[in-house]
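Written below as structure tokens is the structure these notes are about.
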Amino acid sequence: MSRIGFKPIPLPAGVKYTTEGNTVLVEGPKGKLTALLPKGIALKTENGQLLATRENDALAPLHGLTRALVSNAVDGVTKGWTKELDIVGIGYRAELKGKNTVVFTLGFSHPIEFPLPSGIEVAIDPKQTRVTVKGIDRQKVGQVAADMRSLRKPDPYKNKGVRYLDERLKKKVGKTGAK
């Protein structure tokens, strides 16, 4: 049995939440986020911490999910979320075009323009091989990073492509090494 739903969520100073129907609005120094609140699950504040409570045990899976989503929203409006991507390959690079477009050169015959959704910022290092995706919404940051990675997935034979910074690849041997 999971006990994630019962863990309290610390509320830092400057973070407020309001419940309206089946949504929770979390406001903090970095912005505002909303999270869904299923029927039968309520939020209450005790000793500066936020607690998610459920009506009965049938709501146990949604209890843990709701607590995790609200916790991610609280962390997002205070610290924010980041994902780092590493671009590996000769001539592979990324550059910023304007404020909301990233142009990738990934070995294709054409550069790939990647438009950024609202609420997402991208920083590229001077070598143009490391991309940092930042934002307050954890799901959106992860989805943008996954979409960027899917432009040229890491190749297990040559170790080229776009990968997460902490991703480790197992290099495979080619035809000649399989004797």
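Below is a table of values for the structure above.
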item	result
So A68, is it of a type in the set (A, V, I, L, M) and in contact (Cβ under 8 Å) with a residue 24 or more places away in the chain	yes
Residues (within 30 Å of P12 (Cα to Cα) and either out of contact with any Ser or Thr (no Cβ under 8 Å at 6 or more places or on another chain) or polar (S, T, N, Q) (or both)) located in the stretch 86-120	P117, S118, G119, I120
Matching residues, the stretch 64-87, being aliphatic (A, V, I, L, M) and in a strand (DSSP E or B)	L85, I87
Output for the stretch 39-96, where each listed residue is among the basic types (K, R) and loosely packed, with under 14 Cβ neighbours inside 10 Å	K39, K44, K79
Qualifying residue in the stretch 100-113 (condition: in contact with a strand residue (DSSP E or B) (Cβ under 8 Å, 6 or more places away or on another chain), closer than 18 Å to K7 by Cα, among the hydrophobic types (A, V, I, L, M, F, W, C) and not in a loop (DSSP other than H, G, I, E, B))	no
Enumerated strands (runs of 3 or more DSSP E) restricted to the stretch 117-179, each holding at least 1 residues that are among the small types (G, A, S) and surrounded by fewer than 16 Cβ atoms within 10 Å (Cβ to Cβ)	120-124
Selection status of E20, over 18 Å from P61 (Cα atoms) and either in contact with a helix residue (DSSP H, G or I) (Cβ under 7 Å, 6 or more places away or on another chain) or of a type in the set (V, I, T) (or both)	no
Test: residue in the stretch 48-56 that is at negative phi, in a helix (DSSP H, G or I) and either among the charged types (D, E, K, R) or assigned by TED's automatic domain parsing to the domain that holds I9 (or both)	no
First in the stretch 24-52 and under 10 Å from A73 (Cα atoms), second anywhere and aromatic (F, W, Y), Cβ under 7 Å, 6 or more apart	V24/Y17; L25/Y17; V26/Y17
Among the residues listed as P12, P61, the single one being under 30 Å from V133 (Cβ atoms) and part of a loop (DSSP other than H, G, I, E, B)	P12
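Each row is one residue, and each column tells you yes or no for (1) of a type outside the set (A, V, I, L, M, F, W, C); (2) touching a residue at least 12 places away in the same chain (Cβ under 8 Å); (3) assigned by TED's automatic domain parsing to the domain that holds Y157; (4) in contact with a Leu (Cβ under 7 Å, 6 or more places away or on another chain).
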residue: A73; (1), (2), (3), (4): no, yes, no, yes
residue: I87; (1), (2), (3), (4): no, yes, yes, no
residue: Y92; (1), (2), (3), (4): yes, yes, yes, yes
residue: T105; (1), (2), (3), (4): yes, yes, yes, no
residue: P115; (1), (2), (3), (4): yes, yes, yes, no
residue: I124; (1), (2), (3), (4): no, yes, yes, yes
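The values are calculated or read from the model by the stated rules, or taken from the named source; none is laboratory data. These numbers come from a predicted model, not from an experiment. So basically every Cβ, Gly included, is an ideal-geometry build from the backbone, and we count neighbours across all protein chains shown.
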